[in-house]
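Novice: What follows is a single structure, and I will ask about it in a moment.
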Amino acid sequence: MCKPTVQYLPIMPADPSLSAVRVITIDGPTASGKGTVARIVAEKLGFHYLDSGALYRLVALSVLRGNIPPDDEAAIAGIAATLPCRFEGDRIFLAGEDVTDVIRAEATGIMASRVGALPAVRQALISLQTGFRRPPGLVADGRDMGTVIFPDARLKVFLTASVEARAERRYKQLMGKGFSGNIVSLRQDLSERDERDARRDVAPLVPAADARTLDTTHMGIHEAVSQVLEWFRAIRQPGNC
Ligand code: C5P
């Protein structure tokens, strides 16, 4: 079967005035803490927040619920292009249903990484993501925020942590949400997902050339937040932007 030839170019804002809106991108592997760090940084700066992984998870949930074959790229891209989602504070809605916790299930995350490898799906989600760029600023977390979606971001961070630390964090997160989990199989799932995210043909998980790497294996959330804010403030210094 031949692959669709989607040309995957870095995105520039359609409205040039939006290029003045500052963006901080926080990319990294699953359970590296980027979601929590990005949310707090956004809150502290009064910026909007984009959890791009949630979009892939919403598509995945629709695929699972609709029993759609995970390789039916055209059907899944159709779902992504017309995703009936709404973000309200920290709640996420799909066709009016609050699915904030449902989409965090491990099976949904695994399906998200499968649908995220389909070029037409990634393409279909672009305008939804760039639409989050609104004044006074945006903090966006994901895998390709700094490389593809917001290549002109003011600050790009690549957050990492060892697979053991991430498996432990994901385990606690799942328990906190009432899901079951097994640390050994979680570690295995994370490794497989990292591998798939890093090896896919389009928008693979790689740090942007101009990203700053932050290893949070031995770091608390607040320390990571302080580091990101410090980097951002340093860039904002007059004569240093
Ligand atoms: O970040 P989170 O674990 O919620 O993302 C779920 C999956 O969605 C990831 O494993 C990844 O495959 C996919 N994803 C992506 N590009 C993004 C965000 C998430 O491919 N920008």
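Novice: Counting only protein heavy atoms and using a 1.4 Å probe, what share of the accessible area of the chain belongs to carbon plus sulfur, as a whole percent? Walk me through the intermediate numbers first.
Specialist: Details: 6150 of 11460 Å².
Its accessible area is 54 percent carbon and sulfur atoms.
Novice: Would you work out the Kirkwood radius for the range 69-194? I mean one over the mean of 1/r across all pairs of different Cα atoms, in Å.
Specialist: On the way: mean 1/r = 0.0605 Å⁻¹.
Evaluated over the range 69-194, this radius sits at 16.5 Å.
Novice: Right, another one. If each DSSP helix of 4+ residues adds -39,500 (n - 2.57) and the sum is divided by the residues in the chain, what number results at 222 nm, nearest 500 deg cm²/dmol?
Specialist: Working: 9 runs with 103 residues, N = 241.
Helix-only estimate at 222 nm: -13000 deg cm²/dmol.
Novice: Using only alpha carbon positions, build the gyration tensor of the chain, then give the equivalent ellipsoid semi-axes as the square roots of 5 times its eigenvalues, largest first, whole angstrom. Please list the in-between numbers first.
Specialist: On the way: eigenvalues 138, 100, 59 Å².
One finds semi-axes of 26, 22, 17 Å for the chain.
Novice: Relative contact order for the range 16-233: what percent, with Cα pairs under 8 Å and sequence separation of 6 or more? Mind showing how you got there, number by number?
Specialist: On the way: 346 pairs, mean separation 74.1, N = 218.
Once normalised by length, the contact order is 34 percent.
Novice: Over what distance in Å are the Cα centres of the range 155-215 and the range 39-105 separated?
Specialist: Distance between centres, Cα-based: 18 Å.
Novice: Shifting gears a bit: Check the chain and count each lysine pair with an alpha-carbon distance under 26 angstrom, considering only pairs eight or more places apart or from different chains. Write down the numbers at each step before the final one.
Specialist: Numbers: LYS34/LYS44; LYS34/LYS156; LYS34/LYS172; LYS34/LYS177; LYS44/LYS156; LYS44/LYS172; LYS44/LYS177.
Step by step, the pairs that qualify in the chain add up to 7.
Novice: Report the full-extension gain for the segment GLU168 to VAL184: residue separation times 0.36 nm, less the Cα-Cα distance, to one decimal in nm. Before the final figure, lay out the partial values.
Specialist: Working: separation 16, 0.36 × 16 = 5.76 nm, distance 0.97 nm.
Once the chain is fully extended between GLU168 and VAL184, it gains 4.8 nm.
Novice: In a shell of Cβ-Cβ distance under 10 Å around ALA208, excluding ALA208 itself, what net charge do Lys and Arg (+1) and Asp and Glu (-1) give?
Specialist: With Lys, Arg at +1 and Asp, Glu at -1, the neighbours total -1.
Novice: Sticking with this one: For ALA234 paired with LYS177, estimate the spin-label separation in nm (one decimal), with each label point 7 Å from Cα along the Cα-to-Cβ line.
Specialist: Calculated label separation equals 3.4 nm.
Novice: Hey, rough spin-label estimate for ALA209 and THR82, points 7 angstrom out along Cα→Cβ, what's it come to in nanometres?
Specialist: Spacing of the two 7 Å Cα→Cβ label points: 4.0 nm.
Novice: Quick one: accessible area per residue over the range 128-189, 1.4 Å probe, rounded to a whole number of Å²?
Specialist: Result: 42 Å² of accessible area for each residue.
The values are calculated or read from the model by the stated rules, or taken from the named source; none is laboratory data. Small disclaimer: the values here were computed from a predicted structure and weren't measured. Heads up, the Cβs are rebuilt from the backbone with ideal geometry, glycines too, and the neighbour counts pull from every protein chain shown. Surface areas here come from the heavy atoms of the whole protein model, side chains and all, with no ligands, DNA or RNA. Shrake-Rupley method; radii C 1.70, N 1.55, O 1.52, S 1.80 Å.
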